[in-house]
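The values are calculated or read from the model by the stated rules, or taken from the named source; none is laboratory data. None of the values given here were measured: they were computed from a predicted structure. Every residue, glycine among them, receives a Cβ derived from its backbone with ideal geometry; neighbour counts consider all protein chains shown.
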Ligand SMILES: [Zn+2]
């Protein structure tokens with residue numbers, strides 16, 4: 001027993017030493033947006049130095065890479081993106097930077113959600129917002145751990161252990177989320193957000209999502225779409241209407257005024273909040289969003 005304890009202690013000491021040593025020469029990981037940045041820090045700990053191109057409250061759809069971004073990418077040891085068409089700008093950025101290393105796609109292996117994009121005349125497009133389903137989040141974590149291990153083989157065990165611990169937290173969170181939505185009858189699980197970022201959340205928890213904008217934030221919805229939505233809110237007495245941290249609140253404010261429904265607060269869709277805000281991590285993002293959505297839906301009961 002004593003020997004066993006001693007061995008465990010030695011392993012822990014070694015891990016600590018190697019971790020500390022690594023912190024002086026961490027893997028430079030460049031990633032596209034804040035949600036991935038948080039996941040990578042959770043898995044990589046002090047073995048990674050993460051640069052996030054589109055930070056808190058930023059709009060990853062509309063992002064325009066800067067010369068500083070190209071410099072960061074050129075100096076990266078690993079680039080991690082979401083994929084599914086979220087970062088329309090990333091191929092050009094990587095080409096311009098001269099980076100020749102690995103580009104890991106965090107969403108690899110998830111089941112992509114296809115939908116009609118009203119802003120593109122009903123064209124079938126892939127929804128990139130896969131992180132809004134916690135089961136997909138677990139796939140992201142596996143992919144990130146694998147990519148980090150490939151870039152830094154000495155850290156493989158540490159990445160795996162941290163990925164497992166983090167995945168357990170996500171599983172626990174998912175139990176809570178399911179219990180929250182279970183308290184709302186399915187026909188009352190309807191919500192409105194400015195752009196279509198919550199389709200995966202809707203798919204996972206049986207929520208119908210209505211958005212005046214399409215999958216991206218870059219198009220203006222037609223007056224007809226907004227008018228139809230206002231009528232629908234009135235007729236169907238929808239109470240869950242939200243602004244998002246990354247997009248202009250004015251359209252939702254207009255919808256709120258004209259339909260007489262109170263805005264249920266701010267949801268974090270494509271970016272985390274700043275550290276002092278309510279959603280500085282992926283887990284906080286879910287806590288914030290689910291609490292607000294459920295509270296607003298309960299008004300319709
Ligand atoms: Zn989006």
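Give me the residue from segment 229-261 that is within 22 Å of the chain's Cα centre (by Cα) and closer than 13 Å to residue 210 by Cβ and, out of that set, surrounded by the fewest Cβ atoms within 10 Å (Cβ to Cβ). Steps first, please.
First, the residues of segment 229-261 that are within 22 Å of the chain's Cα centre (by Cα): 240-249, 252.
From the residues that got through so far, the ones that are closer than 13 Å to residue 210 by Cβ too are 240-242, 252.
Values: 240: 29, 241: 24, 242: 22, 252: 24.
Applying the filter and picking the extreme gives 242.
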Is it the case, given these coordinates, that residue 174 is more than 30 Å from residue 253 (Cβ to Cβ) and either buried (at least 24 other Cβ atoms within 10 Å of the Cβ) or in contact with a helix residue (DSSP H, G or I) (Cβ under 8 Å, 6 or more places away or on another chain) (or both)? yes
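Looking at segment 63-88, which of its residues are within 15 Å of the ligand (Cβ to nearest atom) and touching a strand residue (DSSP E or B) at 6+ places or on another chain (Cβ under 9 Å)? Talk me through it step by step, then tell me what you get.
Narrowing segment 63-88 to residues within 15 Å of the ligand (Cβ to nearest atom): 63, 81-88.
Selection gives 63, 81, 82, 83, 84, 85, 86, 87.
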Within the group 62, 68, 96, which residue is more than 30 Å from residue 164 (Cα to Cα) and in contact with a helix residue (DSSP H, G or I) (Cβ under 7 Å, 6 or more places away or on another chain)? 96
Kindly evaluate residue 151 against the criterion of being free of Cβ contacts under 8 Å to residues at least 12 places away in the same chain and either more than 16 Å from the ligand (Cβ to nearest atom) or surrounded by 18 or more Cβ atoms within 10 Å (Cβ to Cβ) (or both). no
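Quick one: in segment 89-116, of everything that is more than 25 Å from residue 133 (Cα to Cα) and touching a strand residue (DSSP E or B) at 6+ places or on another chain (Cβ under 7 Å), which residue is farthest from the ligand (Cβ to nearest atom)? Even if it seems obvious, please write down each step before you answer.
Filtering segment 89-116 for residues more than 25 Å from residue 133 (Cα to Cα) gives 91-102.
Next, from what is left, pick out any that are touching a strand residue (DSSP E or B) at 6+ places or on another chain (Cβ under 7 Å): 94, 99, 101-102.
Numbers: 94: 21, 99: 25, 101: 27, 102: 25 Å.
In this case the residue turns out to be 101.
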Exactly one condition in (1) crowded, with 17+ Cβ neighbours inside 10 Å; (2) away from the ligand (no atom under 16 Å from the Cβ) is not met by residue 196; state its number. (2)
Residue satisfying condition, being out of contact with any helix residue (DSSP H, G or I) (no Cβ under 7 Å at 6 or more places or on another chain) and in the same structural domain as residue 216 (by TED's automatic domain parsing), within set 116, 146, 186, 123: 186
So, first residue over 15 Å from residue 198 (Cβ atoms) in segment 288-301, second residue assigned to a helix (DSSP H, G or I), Cβ within less than 8 Å, six or more apart or across chains; the pairs are 300/188; 301/188
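Checking the conditions here, which among 60, 105, 54, 79 is within 19 Å of residue 38 (Cα to Cα) and more than 16 Å from the chain's Cα centre (by Cα)? Break it down stepwise before answering.
On the way: 60 fails: more than 16 Å from the chain's Cα centre (by Cα); 105 fails: more than 16 Å from the chain's Cα centre (by Cα); 54 fails: more than 16 Å from the chain's Cα centre (by Cα).
The match here is 79.
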Can you tell me which residue in segment 31-59 is farthest from the ligand (Cβ to nearest atom), limited to those that are crowded, with 24+ Cβ neighbours inside 10 Å and closer than 13 Å to residue 269 by Cβ? 34
Of all helices (runs of 4 or more DSSP H) fully inside segment 215-301, the set with 3 or more residues that are within 16 Å of the ligand (Cβ to nearest atom) is 282-298
